[in-house]
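See structure below.
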Amino acid sequence: MAGILAWFWNERFWLPHNVTWADLKNTEEATFPQAEDLYLAFPLAFCIFMVRLIFERFVAKPCAIALNIQANGPQIAQPNAILEKVFTAITKHPDEKRLEGLSKQLDWDVRSIQRWFRQRCNQEKPSTLRKFCESMWRFSFSLYVFTYGVRFLKKTPWLWNTRHCWYNYPYQPLTTDLHYYYILELSFYWSLMFSQFTDIKRKDFGIMFLHHLVAIFLISFSYVNNMARVGTLVLCLHDSADALLEAAKMANYAKFQKICDLLFVMFAMVFITTRLGIFPLWCPRMIEVILSLAQMRKTPNLQGRTLTLRPPPMGPVVPMGTSCLGLAPWMINYSKLQVPNKVNCLLLEVFKSCKCSSFHYISAPETKLRILKAF
């Protein structure tokens, strides 16, 4: 087991070049995400589930009744042991041959047996009141977490410039708001994972179960390797359409058809814009980051030399002792670095292979002089 864990948490896979898990331990000066923080999601998920039960009983249900949503379910089928056994153990939709056999056994006509099976199937369907309460809970939580995410992100620099997601990565301190946002989202998905077995059974049960599992995996590991800045953008972007979808369902259950149609059109527009427009535009940039870091690991250090680079004011922070090839390629303007030809050529080759854009961050004469002295 220890060998499997050591292989799974291999630093060469999870972290950039020359960074270890020990470097990301909490200190008095800075706090970083820790894997142990994820355990907080389990008690919080239980609390969210309990809040949901209280909300549906004392908030959502009175609202549904005020909107004249009926709590009565479909007509209950007449109790019959033989037909119940066939329904639960054999089939819910008997064919003509089985219907004729049941008709002779019970001395019922075929139409009566078909009506019984139809009523029994409808009896399995949840009431509109229950579906409204479930949608109202998801709408309320989605609206809250999206509003919190927007209020938090509008104060952060990486919302307006995504390059800030990678400044000083992975040495980015964990703030209280970011920690709360991440753990809250993770807890909500854990609560959905467990409550899905008690919620209304839908045809997409398996797909939604896989969706929640993948979401938990992505949230957990983006937190562990401190890609939380990018994670907050993705979470907020995906939460933007959820509240509109649940609101459209609520309007449909309340039989406000025009409002339902309007909300669904708004949901479709937001979904297409965010998930099929904005998010895919980020994907090439994220892929470039991953490929560039992978390329840096494969390229050996020049003569085993290491550099001590100091960024200009307001620029990215580079850890002390980082190899020049361990730097993220978008942090160096290769065209302006006056270094020996063999070094410059190698840097340009790595830069072209990664297909990343260069930015004019490290161009001060002092920095160039340090690079020249290192070689």
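The values are calculated or read from the model by the stated rules, or taken from the named source; none is laboratory data. Small disclaimer: the values here were computed from a predicted structure and weren't measured. Note that we place each Cβ from the backbone using ideal geometry, even for glycine, and neighbour counts take in every protein chain shown. Accessible surface areas use protein heavy atoms only, side chains included; no ligands, DNA or RNA. Shrake-Rupley method; radii C 1.70, N 1.55, O 1.52, S 1.80 Å.
Things worth noting here:
- Percentage of interatomic Cα-Cα distances in segment 3-159 larger than 28 Å: 60 percent
- Charge tally around TRP21: other residues with Cβ under 13 Å, Lys/Arg +1 each, Asp/Glu -1 each, net -1.
- For segment 61-67, 3J(HN,Hα) computed residue by residue from phi via the Karplus equation (6.51, -1.76, 1.60; θ = phi - 60°) reads 5, x, 5, 5, 5, 5, 8 Hz, glycine and proline entered as x.
- Note on LYS104 and ASN161: the extension gain reaches 13.0 nm, defined as 0.36 nm multiplied by sequence separation minus the Cα-Cα distance.
- Within the full protein context, the accessible area of HIS179 is estimated at about 50 Å² for a probe radius of 1.4 Å.
- Mean-position separation - Cα centroids, segment 148-186 and segment 34-65, in angstrom: 24 Å
- Shape of segment 178-285, Cα gyration tensor, a/c cut at 1.5: oblate
- FRET efficiency for the pair ARG115 and PHE279, taken as 1/(1 + (r/R0)^6) with r the Cβ-Cβ distance and R0 = 35 Å, rounds to 0.10.
- Local net charge near LYS85, Cβ-Cβ under 13 Å (Lys/Arg +1, Asp/Glu -1): +2
- Remark: segment 94-111, residue by residue, has Karplus-estimated 3J(HN,Hα) of x, 7, 5, 5, 5, 5, 5, x, 5, 5, 5, 5, 9, 6, 10, 7, 4, 4 Hz, where x stands for each Gly or Pro and the curve is 6.51 cos²θ - 1.76 cosθ + 1.60 at θ = phi - 60°.
- Over segment 131-195, accessible surface divided per residue gives 41 Å², non-protein components excluded, 1.4 Å probe.
- In sequence order, calculated HN-Hα J values of segment 216-233 (Karplus, 6.51, -1.76, 1.60; Hz; x Gly/Pro): 5, 4, 5, 5, 5, 7, 5, 6, 5, 8, 6, 9, 5, 5, 5, x, 5, 5
- Loop trypsin sites (Lys or Arg not before Pro), segment 1-70, which have at most 11 other Cβ atoms in a 10 Å radius of their Cβ (DSSP): LYS25
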